[in-house]
1. Let me check I've understood the local charge: for V203, count other residues with C-beta under 13 angstrom from its C-beta, Lys and Arg +1, Asp and Glu -1. What total comes out?
2. Through the Karplus equation 6.51 cos²θ - 1.76 cosθ + 1.60, θ set to phi - 60°, convert the phi angles of region 169-176 into ³J(HN,Hα) values in whole Hz; use x for Gly and Pro.
3. Modelled label-to-label distance, F78 and T195, 7 Å Cα→beta-carbon offset: nm?
4. With Cβ to Cβ distances under 14 Å as the rule, what net charge do the other residues near A108 carry (K, R +1; D, E -1)?
5. Once a ≥ b ≥ c are taken as the square roots of the eigenvalues of the Cα gyration tensor of region 119-207, is the result rounded (a/c under 1.5), prolate (a/b larger than b/c) or oblate (a/b not larger than b/c)?
6. Quick check on the chain: of the DSSP beta bridges with both residues there, what percent are antiparallel, nearest 5%?
7. Per-residue ellipticity at 222 nm for the chain, helices alone: DSSP H runs ≥ 4 residues times -39500 (n - 2.57), over residue total, nearest 500 deg cm²/dmol?
8. Explain nothing, just compute: Karplus ³J(HN,Hα) = 6.51 cos²θ - 1.76 cosθ + 1.60, θ = phi - 60°, for every residue of region 10-18 in order, whole Hz, x for Gly and Pro.
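What follows draws every value from the coordinates through simple rules; no lab data is involved. Not measured: the values here are computed from a predicted model. With ideal geometry, Cβ positions are generated from the backbone for all residues, glycine too; neighbour counts draw on all protein chains shown.
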Amino acid sequence: MWWNKNRQKRPFVSAVLPAAGSSTRMGAETNKLLMELDGVPILARTLLAFERCEMVDEIVIACREGDIISYARLCEAFGISKVSQIVRGGDSRSESVLCGVKACAAHADFVAIHDAARPLLQQKDLEQVIQDAEEYGAACLVVPMKDSVKRIEGGLIAGDVERASLAAAQTPQVFERKKIQQALELVQSRGIAPTDDCAAAEVYGIRVFATQGDYANIKVTTPEDLVVAEAFLREAKE
């Protein structure tokens, strides 16, 4: 159970959105987070998911210094009031996440780290992954692998990888704030470049619960992803 009226208080949850990417794979000079999906910028859609979630208390954006003003204006335009800080990110995703985590409220209990370029996060999935993190200490949205996965050696297929035990990690990835900050600081001190925040947590010894996600929660990285995201939006309207 996440919270009920008999408890003194519910956990304070901060959302951290790393948004310092260069958008090079999108193949356009325009910042992909400001590109529109059905008339709404990608970043605005992402922020609104957290703005509307009663379990989230604040939002911190970590971005390139040159984007701070435009993101602040976007928040104002779309009535996003939970953004407490927009801070300068780092040279890598994990560095940006750490910048964001450090900027969270000192009394935050949990941090929900979410790719700014995942604009189709559903409320039920956001709520569930936060609930699971509160119960298990950490949680991450995942979806089962659809494709067959092969092991490659010397350019040749060397065998299959058992698909039943594999899942594709999504975000949000939710952790106790103090622990994930220590985990991110640890991997940076060791020169490790984690593929995501769960990888940093694993180095620190944090076990992460796998929360069932949704295939529509894609990360918009390429022009093809934009087409897929638009298709998911059309389907949701029908």
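1. Details: positive: K179, R190, R207; negative: E185, D196, D197, E202.
Summing Lys and Arg as +1 and Asp and Glu as -1 gives -1.
2. 7, 10, 10, x, 10, 10, 9, 5
3. 2.9
4. On the way: positive: K9, R10, K82, K102, R177, K178, K179; negative: D57, E58, D109, E134, E176.
Here the charged neighbours net out to +2.
5. Values: a/c = 2.58, a/b = 1.33, b/c = 1.93.
Verdict is oblate for region 119-207.
6. On the way: 17 of 36 bridges.
Of the beta bridges lying entirely in the chain, close to 45 percent run antiparallel.
7. Mean residue ellipticity at 222 nm (helix-derived): -10500 deg cm²/dmol.
8. 8, x, 8, 10, 9, 9, 10, 10, x
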